[in-house]
Structure formats: C-alpha cells, structure tokens
1. Compute the FRET efficiency between residue 114 and residue 29 as 1/(1 + (r/R0)^6), taking r as their Cβ-Cβ distance and R0 = 22 Å, and round to the nearest 0.05.
2. Using all Cα-Cα distances in region 19-135, what percent lands in each 10 angstrom bin from 0 up to the longest?
3. For a Förster distance of 25 Å, can you work out the FRET efficiency between the beta-carbons of residue 74 and residue 41, rounded to the nearest 0.05?
4. If you find the alpha carbon centre of region 57-72 and of region 89-129, how far apart are they in angstrom?
5. Using a basic spin-label model with each label point 7 Å from the Cα along Cα→Cβ, how many nm lie between residue 61 and residue 104?
6. How big is the equivalent ellipsoid of region 38-96 along its three axes, where each semi-axis is √(5λ) from the Cα gyration tensor, reported in whole Å from largest to smallest?
7. Give me the number: length gained by fully extending residue 48 to residue 21, i.e. 0.36 nm times residue separation minus the C-alpha to C-alpha distance, one decimal in nm.
C-alpha cells in the first residue's frame, strides 16, 4: 500500500517517456528528425542563468532548451505541485517538438523560454499525459 507521499510523487501513466526519445517532421524540409534527451542541469552553475537547461540531440546535433527557473516556484504557488526533473525534460521536449513542427527551429544551440512559456508547455504536457493515461 502506498502512503500519501508516494501517491503524490508518482507521475501519470504514459507520461515519463513522451519526449525523452521522439521523432517529428520539420515543417520546412519535410524530413523526419529524431530527438533524444541527453542531460539536465541547473544553469546557475554553468552560465550564471536563472534556468534549468535540458540538452537534446536533434539528429545528433546538440540543442539546449533553457527553462525559466522561476516557473518552478510559480507552479508550486499555483498548484501546490513541484516540477520534477522528468517533468522538466517533458516540458523541454514538448517545446522542441513544437518549434520543429512550426518551422521556428533556426539551428541555434540554445533556446530560452520565459516563465509564461515554460508554464504553457507544462500545461500542454500535463494535458497530453492525461489523454495518454485515459487511453491506456
């Protein structure tokens, strides 16, 4: 039997691996692109930024997605829930997929999200996870 803490910490079914290794189609070239999560780190230590950096390999090319760290506190304040590392990977992966599919990926190695953008992509990920878990 799970206690209350364990129940709150468990992610929804189908959630953990949605964006850790995924393929999508670039809008302008029409070619399939494979994106693979590689690592996550707090950017304060590496580049003195108030962000959490998530690294993906996009067809082998490193692409970093910088999520605004204040979004963690804002989400906690709004919902009482925390953004975990696996959830941060999902948020960054969702953003990466969206810029590839919308034709906004310009070959840069770093994309920075605002607090509002981070929370918008968090909401989209949670909705997708809810749909997936209702299907399973």
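1. Numbers: r = 28 Å, r/R0 = 1.26.
Taking R0 as 22 Å, the efficiency between residue 114 and residue 29 is 0.20.
2. Calculated over all Cα pairs of region 19-135, the distribution is 14, 47, 32, 7, 0 percent.
3. 0.75
4. Distance between centres, Cα-based: 9 Å.
5. Inter-label distance under the simple model: 1.8 nm.
6. For region 38-96, the ellipsoid semi-axes come out as 21, 14, 8 Å.
7. Gain on stretching residue 48 to residue 21: 6.9 nm.
None of the figures in this text is laboratory data; all of them are computed from the coordinates on show. All of these numbers come straight from a predicted model, not from anything done at the bench. FYI the Cβ positions are ideal-geometry reconstructions off the backbone, even for glycines, and counts take in every protein chain you see.
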